[in-house]
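Report on the structure given below.
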Amino acid sequence: MFSTRASSASASLLLKRIPSQLRSPLQLRCFSHLPLTIPIKLPNGLEFDQPTGLFINNKNIPSKEGKTFEVINPSTEEEICHVYEGREEDVDIAAKAAQEAFDNGSWSTIDPLERGKALYRLAELIEKDLDVIASIETLDNGKAISSAKGDVQLVVDYFKASAGLACKLDGRQVNSGSNYFNYTKREPLGVCGQIIPWNFPLLMWAWKIAPALITGNTVVLKTAESTPLSALYTAKYIPEAGIPPGVVNIVSGFGKIVGEAITTHPLIKKVAFTGSTTTGKHIYQNAAASLKKVTLELGGKSPNIVFADANMKTAVQNIILGIYYNSGEVCCAGSRVYVEESVYDDLIKEIKIASEAVKVGDPFDESTFQGAQTSQMQLSKILKYVEIGKNEGATLISGGERLGTKGYFVRPTIFGDVKENMQIVKEEIFGPVVTISKFKTLDDVVKMANDSEYGLAAGIHTTNINNAVKVADRLKAGTVWINTYNDFHSAVPFGGFNASGLGREMSYEALDNYLQVKAVRVKLED
């Protein structure tokens, strides 16, 4: 049995005695006396204690069965640690804790101002520990440390912005004549189930729990199995911020077990999911059986449009940011670039130069822009699409290769001479792969941009504000960026059209997902 201060190296050594065929993150089912915290030293010299348990009732606890699964560093392909694996019974325990916290009113019925204060304190605690939290995100996910720091700052900003909405959740008075007094109240739903992805582990954690908490709900949240560490670590600040036991509960585990249990549990009244469209459809069907409220932020294949009058230097920078940011593992990545034909050849040259200048490698190097892909599975998927693109007849302009032999790195990739019916144009690759097409007229590019099952985001680059507004109005996308890309702000809602999802994240629109309206009608005496 490990001591609670056993080194991560010692833990790793013992766990590596497990037969290798059982050590896949998607297969591992071992019983273990894993300590509830494991000390880890990061490549940048920072040290921290990583919680390994489930977070229920403001406590770090083992799962009921004591099973664990390994977490892999995608930059080195080495094991970081193990964490406890939740099962259906653990979801049930978490849901009951959340229901008790909701029913006892310790959070749901207090002065909203107090909820706002707690979220603001949580933001401040995270901000003080930003470097460690961002480093955990880089270790766990493989993203560049500069991107991870940006993510954590967005988390801080979003919690602070959400705190400011606490006292603005009012109903309204309805006039139906002098004989009645009518008013509405906006009330929380109860226990909310939340399932987050691996590409932005902590940011998606914040996008999910902030609107749920500020509106008075309680939460059972599943982390992505490949990236559970930052949410488990940051959860230690929840009680310190003054959030009562049972309000936030985190169950690490696998989608087919923990995710399924969350979407079908009778105590859970609402499900929020970020991930693939296929999985989103399955969750929607599960939730429909008990009429749970559902929000889904799903896949994308977003167009990024460049007109001939655009500032070309800025447009190229935004194209690079739009596709290679976060190693291309972004649901709203600008993966389809459309360029007006008169500047197509020149822009291709500039994008190729900029793409080949992107620094790929050690994510803990502050100058790295593109880190590792998050898993071997994702790396293999990306390289498979490169081969598909070649076989379809597209021209590989740059990249398309694995970088090195250790870690899940791939060179930034550009395809030209593509046709709109090619798989690499139609299907979400979720990696640093962009296709570039030419267009003649505004009507042509709008038609091509909208020719997709998705509708998450889009970009427009032009100095003609009239064209910018006209195109933005016609694009079927939940977010349209003009002369910028991947440019988020906590006051601006985010979400998709069509197969890209239902509901919105951030701003007032996110709060509506976690509230229900009660009407009160009072008959007055004559």
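Would you call GLY280 in contact with a Phe, Trp or Tyr (Cβ under 7 Å, 6 or more places away or on another chain) and in the same structural domain as ASP92 (by TED's automatic domain parsing)?
In short, yes.
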- request: Output the residue which, of all residues in segment 451-488 that are in contact (Cβ under 8 Å) with a residue 40 or more places away in the chain and small (Gly, Ala, Ser), is nearest to VAL339 (Cα to Cα).
  value: GLY459
query: So which of THR184, THR234 ends up being buried (at least 24 other Cβ atoms within 10 Å of the Cβ) and assigned by TED's automatic domain parsing to the domain that holds GLU114?
result: THR234
- line: From the option list LEU54, LEU28, single residue qualifying as surrounded by 15 or more Cβ atoms within 10 Å (Cβ to Cβ) and at pLDDT 95 or above is LEU54
- prompt: When segment 290-317 is examined, which residues are found to be over 22 Å from ASN498 (Cα atoms), not in a strand (DSSP E or B) and not aromatic (Phe, Trp, Tyr)?
  reply: SER290, ALA308, ASP309, ALA310, ASN311, MET312, LYS313, THR314, ALA315, VAL316, GLN317
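Being farther than 21 Å from LEU321 by Cβ, in contact with a Ser or Thr (Cβ under 9 Å, 6 or more places away or on another chain) and crowded, with 19+ Cβ neighbours inside 10 Å narrows it down to one residue among SER375, SER355; which is it?
Exactly one of SER375, SER355 is farther than 21 Å from LEU321 by Cβ, in contact with a Ser or Thr (Cβ under 9 Å, 6 or more places away or on another chain) and crowded, with 19+ Cβ neighbours inside 10 Å, namely SER375.
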- request: Identify all residues within segment 450-468 that are closer than 14 Å to ASN318 by Cβ and part of a helix (DSSP H, G or I); write none if there are none.
  value: ALA468
query: Are there any pairs, at least 6 apart or on different chains, whose C-beta atoms fall under 8 Å, with the first in segment 208-236 and in a strand (DSSP E or B) and the second among the polar types (S, T, N, Q) and surrounded by fewer than 24 Cβ atoms within 10 Å (Cβ to Cβ), and if so, which?
result: THR218/GLN99; THR218/SER108
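Only one of ILE250, ILE195 is out of contact with any Ser or Thr (no Cβ under 6 Å at 6 or more places or on another chain), more than 18 Å from ILE61 (Cα to Cα) and either surrounded by fewer than 24 Cβ atoms within 10 Å (Cβ to Cβ) or modelled with pLDDT of 95 or more (or both). Can you tell me which?
On inspection, the qualifying residue turns out to be ILE195.
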message: Could you tell me how many of the residues in segment 127-146 are assigned to a helix (DSSP H, G or I) and surrounded by fewer than 22 Cβ atoms within 10 Å (Cβ to Cβ)?
response: 6
task: Go through segment 319-337 and give me each residue that's buried (at least 24 other Cβ atoms within 10 Å of the Cβ) and of a type in the set (Phe, Trp, Tyr).
output: TYR324
Members of segment 96-126 found to be touching a helix residue (DSSP H, G or I) at 6+ places or on another chain (Cβ under 8 Å) and either in a loop (DSSP other than H, G, I, E, B) or closer than 18 Å to LYS269 by Cβ (or both), listed by number: TRP107, SER108
message: Take residues that are assigned by TED's automatic domain parsing to the domain that holds GLY142 and touching a residue at least 40 places away in the same chain (Cβ under 8 Å) and tell me which of the strands (runs of 3 or more DSSP E) falling wholly in segment 327-440 contain 1 or more.
response: none
field: Scan of segment 151-172 for residues that are among the small types (Gly, Ala, Ser) and touching a helix residue (DSSP H, G or I) at 6+ places or on another chain (Cβ under 9 Å), ordered by number
entry: ALA161, SER162, ALA163, GLY164, ALA166
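The values are calculated or read from the model by the stated rules, or taken from the named source; none is laboratory data. What you see is a predicted model, and the numbers here were worked out from it, not measured in a lab. As a convention, Cβ positions derive from the backbone with ideal geometry for all residues, glycine included, and neighbour counts pool all protein chains shown.
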